[in-house]
1. Is the chain best put as rounded, prolate or oblate by its Cα gyration tensor, with a ≥ b ≥ c the root eigenvalues, rounded for a/c under 1.5, and otherwise prolate when a/b is larger than b/c, oblate when not?
2. What number, rounded to the nearest 500 deg cm²/dmol, is the helix-based mean residue ellipticity at 222 nm of the chain, given -39500 (n - 2.57) per DSSP H run of at least four residues and division by all its residues?
3. Whole-Hz Karplus ³J(HN,Hα) for region 30-35, in order, using 6.51 cos²θ - 1.76 cosθ + 1.60 and θ = phi - 60°, x for Gly and Pro?
4. So, for the chain, what is the accessible surface per residue at a probe of 1.4 Å, expressed in square angstrom?
Amino acid sequence: MSKLAGYARTLRAYLATAKGAHDARDYGRALVLIALTVAIGLALLAVT
């Protein structure tokens, strides 16, 4: 469990930096766009 705590601490430290915060926003935006694309694709498949 201490390894997991170490990974979490490292991730928090990375996200506290300007680059880490920017990367988190970019990854979040990408995940939202991917989810929307999948949802639209599934909706189009359900219509046909």
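1. oblate
2. Details: 2 runs with 44 residues, N = 48.
So the helix-based figure for the chain works out to -32000 deg cm²/dmol.
3. 5, 5, 5, 5, 5, 4
4. Working: 4300 Å² over 48 residues.
Solvent-accessible surface per residue comes out at 90 Å².
The values are calculated or read from the model by the stated rules, or taken from the named source; none is laboratory data. Note that the coordinates shown come from a computational prediction; the quantities given were computed from them, not determined experimentally. Calculation scope for accessible area: heavy atoms of the full protein, side chains included, ligands and nucleic acids excluded. Shrake-Rupley method; radii C 1.70, N 1.55, O 1.52, S 1.80 Å.
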